[in-house]
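Down below is the structure, laid out as structure tokens.
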Amino acid sequence: QVQLTESGGGLVQTGGALSLSCAASGRIASLHVMGWYRQNVGKERELVATITAVGVKKYGESLKGRATISRDTAKKTVTLQLSSLEPEDTGIYYCHLMNGADAENWGQGTQVTVSS
């Protein structure tokens, strides 16, 4: 059974930076995509960034230019570096794994709060 464990959320001031990590355990397919989504109060969950098994990256529009995703394949971890954070970036950040063609997993989410 695959589990995703997130860490690194917290409180940061406007303009600050945070690093979020997600560690996967269990069997991971060779073809998979890991990434981060976020959900703000009253809004739908949206893409932050994803990275494929071969390192192809995709970024959502809201944090483009302020987010950097990377991975450690051996450790089955994905890291999201966030910078120049704004209060609008406050929300719950979820780790996501698309494991093969039709299996997906979500982490429990980690809260990021940006104070003005």
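The values are calculated or read from the model by the stated rules, or taken from the named source; none is laboratory data. As the structure is a prediction and not an experimental result, all values here were calculated from the model. When we count neighbours, we look across all protein chains shown, and the Cβ atoms used for this are built from the backbone with ideal geometry, even at glycine. Just so you know, the surface numbers come from the protein's heavy atoms only, side chains and all, with ligands and any DNA or RNA stripped out. Shrake-Rupley method; radii C 1.70, N 1.55, O 1.52, S 1.80 Å.
Annotations for the structure displayed:
- Cα-only Debye scattering, the chain: base-10 log of I(q)/I(0) at q = 0.09, 0.14, 0.20, 0.21 Å⁻¹: -0.21, -0.51, -1.02, -1.12
- Set of lysines near K75 by C-alpha distance (under 22 Å), chain-local residues within fewer than 8 positions excluded: K57, K58
- Remark: the T14-E61 segment gains 15.0 nm on full extension, using 0.36 nm per residue and subtracting the alpha carbon distance.
- Whole-percent carbon and sulfur share, accessible surface of the chain, 1.4 Å: 50 percent
- Nitroxide proxy distance, nm - points 7 Å out along Cα→Cβ at Q39 and E104: 1.2 nm
- Per residue value of the accessible surface for the chain (all protein chains in place, 1.4 Å probe), Å²: 55 Å²
- For the stretch 3-68: rounded, prolate or oblate by the Cα gyration tensor [a/c cutoff 1.5]: prolate
- In sequence order, calculated HN-Hα J values of the stretch 71-86 (Karplus, 6.51, -1.76, 1.60; Hz; x Gly/Pro): 9, 10, 4, 4, 8, 6, 10, 10, 10, 10, 9, 10, 9, 6, 5, 10
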